[in-house]
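A short worksheet on the structure shown next.
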Amino acid sequence: MRVAIVTDSNSGITQEQGRQAGINVVPMPFMMAGETYFEDISLTQKSFYERLAEGADISTSQPSPASLIDLWNELLKDHDSVIHIPMSSGLSSSCETAHALAADFGGKVLVVNNQRISVTQRQSVLEAKAMADQGMSAEEIKKVLEETAFDSTIYITVDTLEYLKKGGRITPAAALLGTFLKIKPVLTIQGEKLDAFAKARTMKQAKSMMVTAIKKDLEERFSDPEGAAVHMAVAHTDNETAALEFKKELMELFPKTGDIYVDHLSLSVSCHIGPGALAVACTKKLSL
């Protein structure tokens, strides 16, 4: 069976990377000044952060139903089925929309509620492609990805509270107080949504808190204190120098984890937390 793999740009997989890997990447739409832009097509990382710095009011949306239907129909001309892996249903309604649209495709389009985003979503997509290349059916791939959906963890520290305030995730008073006290909140994504985890006073302290949290997850959730059986990644929002330094620190702490992937956080997350953020993620390896 020929299974096509589809994801969205929240995975961090670029259009070019998708073409090279044989993965179809749906660009996420963003609205600015009454116009719609598409991630990695008409909206680059550079232009996004330039507009953010200018104070542009940026909002996110989900892919149009027509764009998904057209893509799936095109893929089904040459494939038996489609596996569609959107961002976590707890972070966007795009997963629910895709499920509703797939109902009209007679079981040929399967939407995976994988509960992931950014580098952890990317890992699921790469594993789905590997399973498809091995000849697994769409049903088998969906089953594996959903059974292992929560075998990942992400911790993020933000450099500014401005964007959390703008998105209504904290009150203006809390943002003002946090800025005055120079608080660096540490957030977590454990599948369902972005949640508060801890408060730090400096970026160094925030990184230490994230490392401690990752160590605890490796020991208690993954039974892998050395990180030998996980994919570890560092993600950032326009903060590459700090991300590469964090990668170096993590590789010294977890030498058995192998190389650590570094990437930008998806713009859908970035617009809610702003530039300067830093994240670490772990995803349990699949036995393929």
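Computed over the chain, the quotient of the alpha carbon radius of gyration and 2.2 N^0.38 Å is 0.99.
Expressed to the nearest 5 percent, the antiparallel share of DSSP beta bridges inside the chain is 65 percent. Ligands, DNA and RNA excluded, the heavy atoms of residue 46 present near 140 Å² of accessible surface to a 1.4 Å solvent probe.
So which of 108/129; 247/285; 142/284; 46/285; 199/256; 216/248 end up more than 25 Å apart, counting from Cα to Cα?
Working: 108/129 17 Å; 247/285 19 Å; 142/284 17 Å; 46/285 32 Å; 199/256 29 Å; 216/248 20 Å.
Over 25 Å apart, Cα to Cα: 46/285; 199/256.
Annotation: average projected area of the range 43-139 is 7.5 square nanometres, based on the convex hull of Cα atoms across all directions. Put a plus charge on the Cβ of each Lys and Arg, a minus charge on the Cβ of each Asp and Glu, and nothing anywhere else: the dipole of the range 194-288 about its Cα centre is then about 240 debye.
In this structure, the amide hydrogen of residue 199, modeled 1.01 Å from its nitrogen in the peptide plane, lies closer than 5 angstrom to those of 186, counting only residues at least 5 positions away or on a different chain.
Counting only protein heavy atoms and a probe of 1.4 Å, the accessible surface of the chain is 52% carbon and sulfur.
Charges only on Cβ, +1 for Lys and Arg, -1 for Asp and Glu: so what's the dipole of the chain about the Cα centre, in debye to the nearest 20? Don't jump to the answer; show the numbers that get you there.
Details: 29 positive and 37 negative charges, 180 e Å.
Dipole size: approximately 860 debye.
Over the range 1-104, one equal point on each Cα, no solvent: what is log10 I(q)/I(0) by the Debye formula at q = 0.19 Å⁻¹? Evaluating at q = 0.19 Å⁻¹ gives log10 I(q)/I(0) of -1.00.
Where does the chain land at 222 nm, in deg cm²/dmol rounded to the nearest 500, when only DSSP H runs of n ≥ 4 count, each adding -39500 (n - 2.57), divided by all residues?
Values: 11 runs with 115 residues, N = 288.
Using -39500 (n - 2.57) per qualifying helix, the result is -12000 deg cm²/dmol.
Potential lengthening of the chain between residue 50 and residue 139 amounts to 27.8 nm, from the contour at 0.36 nm per residue minus the alpha-carbon distance.
The range 198-232 to the range 234-288: how many Å between their Cα centroids? Comparing the Cα centres of the range 198-232 and the range 234-288, I get a distance of 12 Å. Solvent-accessible surface of the range 23-157, averaged per residue with a 1.4 angstrom probe and all protein chains in place: 42 square angstrom. Per the Debye formula with a single identical scatterer at each Cα and no solvent contribution, what log10 I(q)/I(0) holds for the range 199-262 at q = 0.18, 0.23 Å⁻¹? Computed log10 I(q)/I(0) values: -0.66, -1.03.
Taking every alpha-carbon pair under 8 Å whose residues sit at least 6 apart, the range 43-151 reaches a relative contact order of 23 percent.
The values are calculated or read from the model by the stated rules, or taken from the named source; none is laboratory data. As the structure is a computational prediction, the values presented were derived from the model and not from experiment. Heads up, the Cβs are rebuilt from the backbone with ideal geometry, glycines too, and the neighbour counts pull from every protein chain shown. Surface areas here come from the heavy atoms of the whole protein model, side chains and all, with no ligands, DNA or RNA. Shrake-Rupley method; radii C 1.70, N 1.55, O 1.52, S 1.80 Å.
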